[in-house]
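The values are calculated or read from the model by the stated rules, or taken from the named source; none is laboratory data. Keep in mind that this is a model prediction, so the values were computed, not measured. Every residue, glycine as well, gets a Cβ built from its backbone with ideal geometry; the counts of neighbours run over all protein chains shown.
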Amino acid sequence: MIGAIVRRIGWTLVVVWFVVTLTFLVTTAIPADPARALLGPHATAETLDRVRAHYCLDRGIVQQYGCWIDHVVHGDLGESYRSKRAVTAIIADRIWPTAQLAIAAIALQLLLGVPLGVAAALRRGRWQDHALNLFGLLGQSVPGFVVGTLLLYVFAYRWGWLPIGGYGTGGWDRLAHLVLPAMTLATLDIVYYARVVRSELVDVLGEDYVRTARAKGLPEHVVIGRHALRNALGPLVTLAGLDLGLLLGGAVVTEFIFAWPGLGREVLQAILEIDIPLILGVVLVSAIAIAVANLLVDLVYLWVDPRLRDR
């Protein structure tokens, strides 16, 4: 058990290092001068040289990489070219709004997706099952920005039930501002979660232990909830973990549409202004979030299924 955990932690560190290194190489290959983008077109050559020396931009790629890694090891992700603030401070300000949005979206996907999947599995071949397939096809075909814009128009602009955008001031106001962006993210995956539950549950319902439970005269809701559904949620744990890790990296389009002050909006602005330290900092946090989510999913599987501990 301990050996399996150590191996997975080791692979997690390797993945994080690879992702961050690849992102560093891509950003340094951008055909633009960060110093020029920082100071503007009228900066003098002397000022540009000082800025390049300050940010290690006057060195080769290997030296720049070594300079950045040295700062990261010491907990310093550098300084944003655009705002002159520490990247760690910017990420600290933005990570909690993004976390709220990610958790709310995953909660909606599970709360709505699981019951829909159960209903479709129990009524296989009927209109509920066909409706789920139809909505699944539509959900996979409609881009996220279309869903977000439609929800914004209907619920915020047309009916005025919810705020148009922003973060809110806390309490119920924060919750009201959270509803639409969370619905936008969740709408794209609710039906997908439901289809996964439906597929797994259909297979599980044919197992011997389910037939035995029914033969003992147990109520149907006990058979489904305690015996069948519990063993059909394995793939859903993986999906939820991966989605949570991805969303913690920032939902760029959704945050931009609803003016949500998360990592997604911040990294979009950083890309537009070639703010390399901030781009690398957000990618590092995103890679760690995804890797940790994968690690937690693996640990859950190790705990649930002892057969995987020796692999």
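Points worth noting:
- Looking at THR187, THR254, just one residue is crowded, with 19+ Cβ neighbours inside 10 Å, at pLDDT 85 or above, under 23 Å from LEU112 (Cβ atoms) and among the β-branched types (Val, Ile, Thr), and that residue is THR254.
- Selection within the stretch 19-40 - closer than 15 Å to TYR81 by Cα and not polar (S, T, N, Q): ALA32, ASP33, PRO34, ALA35, ARG36, ALA37, LEU38, LEU39, GLY40
- Candidates in the stretch 57-93 are the residues that are among the aromatic types (Phe, Trp, Tyr) and closer than 17 Å to VAL16 by Cβ; of these, the one that is surrounded by the most Cβ atoms within 10 Å (Cβ to Cβ) is TRP68.
- Count of residues meeting criterion [closer than 18 Å to LEU108 by Cβ and surrounded by fewer than 17 Cβ atoms within 10 Å (Cβ to Cβ)] in the stretch 136-167: 7
- Residue count for the stretch 257-292 satisfying the condition of being free of Cβ contacts under 8 Å to residues at least 60 places away in the same chain and surrounded by fewer than 21 Cβ atoms within 10 Å (Cβ to Cβ): 3.
- Being modelled with pLDDT under 80 and out of contact with any Leu (no Cβ under 8 Å at 6 or more places or on another chain) holds for only one residue in GLY136, GLY144, GLY78, and it is GLY136.
- For the stretch 257-270, the candidate set comprises residues that are among the hydrophobic types (A, V, I, L, M, F, W, C) and touching a Leu at 6+ places or on another chain (Cβ under 9 Å); within that set, the residue that is nearest to TYR167 (Cα to Cα) is TRP260.
- Counted residues, the stretch 13-60 - those being part of a loop (DSSP other than H, G, I, E, B) and under 21 Å from LEU272 (Cβ atoms): 11
- Among the numbered conditions (1) modelled with pLDDT of 80 or more; (2) surrounded by 17 or more Cβ atoms within 10 Å (Cβ to Cβ), the only one that LEU38 does not meet is (1).
- Scanning the stretch 62-80 turns up at least one residue that is closer than 18 Å to ILE288 by Cβ, touching a residue at least 24 places away in the same chain (Cβ under 8 Å) and part of a loop (DSSP other than H, G, I, E, B).
Conditions (1) in a loop (DSSP other than H, G, I, E, B); (2) touching a His at 6+ places or on another chain (Cβ under 8 Å); (3) over 30 Å from GLY144 (Cβ atoms), marked per residue:
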{"site": "ALA182", "(1), (2), (3)": "no, no, no"}
{"site": "ALA186", "(1), (2), (3)": "no, no, no"}
{"site": "ASP189", "(1), (2), (3)": "no, no, no"}
{"site": "TYR193", "(1), (2), (3)": "no, no, no"}
{"site": "ARG198", "(1), (2), (3)": "no, no, no"}
{"site": "ASP203", "(1), (2), (3)": "no, no, yes"}
{"site": "ALA213", "(1), (2), (3)": "no, yes, yes"}
{"site": "HIS221", "(1), (2), (3)": "no, no, yes"}
{"site": "ILE224", "(1), (2), (3)": "no, no, yes"}
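- Only one of ILE106, ILE90 that is in contact (Cβ under 8 Å) with a residue 60 or more places away in the chain, in contact with a helix residue (DSSP H, G or I) (Cβ under 7 Å, 6 or more places away or on another chain) and over 16 Å from TYR193 (Cβ atoms): ILE90
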